[in-house]
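For reference, the structure discussed in these notes is given below.
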Amino acid sequence: QVQLVESGGGLVQAGGSLRLSCAAAGSIFSINAMGWYRQAPGKQRELVASITKGGTINYADSVKGRFTVSRDNAKNAMYLQMNSLKPEDTAVYYCNADIDGLFYWGQGTQVTVSS
């Protein structure tokens with residue numbers, strides 16, 4: 001059974017930083033694309049950043065220049081460094097991964113940015 005586990009969320013003041021981690025565990029042959037999504041109250045889940053196995057990266061316009069996604073293929077892990085956080089970044093952040101052709105979601109981690 002495959003699981004994705006996020007960590008690193010919390011409460012931070014505007015302008016601060018947080019680093020999210022996502023670790024995949026279980027019987028895994030290959031992890032292809034991975035991504036971070038977020039969902040704010042009353043809004044649809046949206047893509048924040050994605051990274052392929054080969055390292056191709058895509059960011060939402062709203063986070064470009066502030067967030068950095070990376071992954072460690074040897075550890076089956078992905079990270080999201082979030083700098084210059086804004087109140088509008090407040091949301092539950094979810095990890096998503098294409099693992100052996102199936103898509104998995106983590107349980108989510110809350111990020112709250114106070115003004």
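The values are calculated or read from the model by the stated rules, or taken from the named source; none is laboratory data. Not measured: the values here are computed from a predicted model. Note that we place each Cβ from the backbone using ideal geometry, even for glycine, and neighbour counts take in every protein chain shown. With ligands, DNA and RNA removed, areas are computed over all heavy atoms of the protein, side chains included. Shrake-Rupley method; radii C 1.70, N 1.55, O 1.52, S 1.80 Å.
Worth pointing out:
- Number of positions in the range 56-78 that are farther than 16 Å from Ala25 by Cβ and open to solvent by less than 40 Å² (accessible area, probe 1.4 Å): 5
- Qualifying residue in the range 31-42 (condition: out of contact with any Phe, Trp or Tyr (no Cβ under 6 Å at 6 or more places or on another chain) and of a type in the set (D, E, K, R)): no
- Test for Val5: is it open to solvent by 60 Å² or more (accessible area, probe 1.4 Å), outside any loop (DSSP other than H, G, I, E, B) and farther than 15 Å from Thr112 by Cα: yes
- For Phe103, the conditions (1) surrounded by fewer than 13 Cβ atoms within 10 Å (Cβ to Cβ); (2) free of Cβ contacts under 8 Å to residues at least 40 places away in the same chain; (3) touching a Lys or Arg at 6+ places or on another chain (Cβ under 9 Å) all hold with the exception of (3).
- Those residues of the range 43-67 which are at pLDDT below 95 and among the basic types (Lys, Arg), in sequence order: Lys53
- Residue selected from the range 17-55 under the condition among the aromatic types (Phe, Trp, Tyr) and closer than 14 Å to Leu4 by Cα, by the criterion most open to solvent (accessible area, probe 1.4 Å): Tyr37
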